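Take a look at the structure set out below.
The values are calculated or read from the model by the stated rules, or taken from the named source; none is laboratory data. All values derive from a computational prediction rather than experimental measurement. Cβ: placed from backbone, ideal geometry, glycine included. Neighbour counts: every protein chain shown. Accessible surface is based on the protein model in full, side chains and every heavy atom, while ligands, DNA and RNA are left aside. Shrake-Rupley method; radii C 1.70, N 1.55, O 1.52, S 1.80 Å.
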Amino acid sequence: MKKILILLLTATFVISLIFMGVGCKEKVSGEVEIFSWWTAGGEAEGLQAMIDIFEEKYPDVEFINATVAGGAGFEAKPVLVSRMTGGDPPDSFQVHAGHELIDTWGVGDYLEPVNFIFEEEGWYDVYPEDMISILSMGDDILSVPVNIHRSNVLWYNKAVFEDNGIEAPTTFDEFFAAADVLEAAGITPLALGDTGIWAAVHLFENVLLGVVGSDDYIDLMDGSVRWDSDEVKEAIQTFVDLLDHVNDDHSALGWDEAAQYVIDGTAATTVMGDWAHGYFMAKGLTPGVEYGYVPSPGTAGNFMALSDTFCLPADAPNRDAAIAWLKICGSKEGQDAFNPIKGSIPSRTDADISLYDVYLKSAIDDFGVDIITPSIAHGAAVSETWSAAIGDVITLLVADKDVDAAADAFQAAADENL
Ligand code: GAL
């Protein structure tokens, strides 16, 4: 009898241990702090769609939405650097795939590889090799992508174009001709909101691609084409000419405030990534109805690309909850909830295309056939140090419009960073 009792007790103990073990594995609790700069219209709503999924799946985890406002992370990134280098990492943070991920965070050993998540979730089958390669340092995958954004888009107010008899411009000549008509009607041709300078860098990379073409644009990044060449000078001159047609208050505005000028009709166009599509939608507008879109002048057939990702800091205080977040970021459910609102396309190959609107369907199609060129302003093409140096050159150029000096300074920045 005594023996049976002992056996029974031991069995109960072992069984409860097994259940506790399983329970621990599935159950995540505590808190998770996710760091990003998604606070503007469209960005905030897209992020919230993923947070909603997280909170439904992990009701015991307190989600801390640690955002620092400022487009392209121009305010968030310095905060992140001081937190990461000061031993106070968030559980996960937004980072662009490519040079920004690898040069800023991978090289310094700040991140834990996430290959194990890719294995567990079967992601090797649903992420293209090219995508995995821009997330990787050697064999280590260092981040989980949520999207692909297109950055070479000219967005325009359809009513303003119609009222002024203007067709969407596809070349710089057409743009400048349209600008004359718009200015005569008292409308700003091109809205720019370059506080923090990155939106001017963004405009410049569009002009650079539009003038020099994809081959030379790509070759500029490895030094096989010179930044003080005549063709780059032509791009710089075109950029300077465009500045004659932007709103006077550009340096005081963010990208979203510039997009708002287009909604209001005080400006006709803005050159911005397709997070502007997210912004327009968040303001209740419909693509193809109130606003139109074409590749920025000279860039048809090219898809200037960047990808937002979330990574796992090596010392994430809440590692389990961070992994739970990353699994949502990389999942089909997460991406199909986030991207149709954010204005980006999924980085997976198995998205439910029916959830994506007319603009995003066109971006998905273009991504499949266009030449992919990496963005300078958003971490894909060059290191953050180099893109900051390019930003410094452009800050001066916007003020002094000195094309030759800018070309020399661009070349010096390339020499320094290559
Ligand atoms: C980019 C980022 C986008 C969008 C944009 C404006 O750098 O990749 O997701 O947020 O900044 O903030």
Looking at Asn115 and the list (1) open to solvent by 40 Å² or more (accessible area, probe 1.4 Å); (2) more than 13 Å from the ligand (Cβ to nearest atom), which single condition is not satisfied?
(1)
Out of Glu174, Glu162, I need the residue that is surrounded by 13 or more Cβ atoms within 10 Å (Cβ to Cβ), among the charged types (D, E, K, R) and not assigned by TED's automatic domain parsing to the domain that holds Ala351. Which one?
Glu174
Within the stretch 265-341, considering only strands (runs of 3 or more DSSP E) that don't extend past its boundaries, which have at least 1 residues that are of a type in the set (Gly, Ala, Ser) and within 14 Å of the ligand (Cβ to nearest atom)?
302-306
In this structure, does Ser16 turn out to be more than 16 Å from the ligand (Cβ to nearest atom) and modelled with pLDDT under 95?
yes
Filter the stretch 243-258 for residues that are closer than 14 Å to His202 by Cα and touching a strand residue (DSSP E or B) at 6+ places or on another chain (Cβ under 6 Å); which is farthest from the ligand (Cβ to nearest atom)?
Ala258
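Can you name the residue in the stretch 364-385 that is touching a residue at least 60 places away in the same chain (Cβ under 8 Å) and surrounded by fewer than 23 Cβ atoms within 10 Å (Cβ to Cβ) and is also farthest from the ligand (Cβ to nearest atom) among such residues?
Residues of the stretch 364-385 that are touching a residue at least 60 places away in the same chain (Cβ under 8 Å), as a first pass: 366-367, 370-385.
Subset that is surrounded by fewer than 23 Cβ atoms within 10 Å (Cβ to Cβ): 366-367, 370-372, 383-385.
Details: Asp366: 18, Phe367: 15, Asp370: 19, Ile371: 20, Ile372: 16, Ser383: 15, Glu384: 12, Thr385: 17 Å.
That would be Ile371.
Does Val79 qualify as being open to solvent by 40 Å² or more (accessible area, probe 1.4 Å) and touching a Phe, Trp or Tyr at 6+ places or on another chain (Cβ under 9 Å)? Walk me through it before giving the result.
On the way: open to solvent by 40 Å² or more (accessible area, probe 1.4 Å): yes; touching a Phe, Trp or Tyr at 6+ places or on another chain (Cβ under 9 Å): yes.
When the stated conditions are applied, Val79 passes them.
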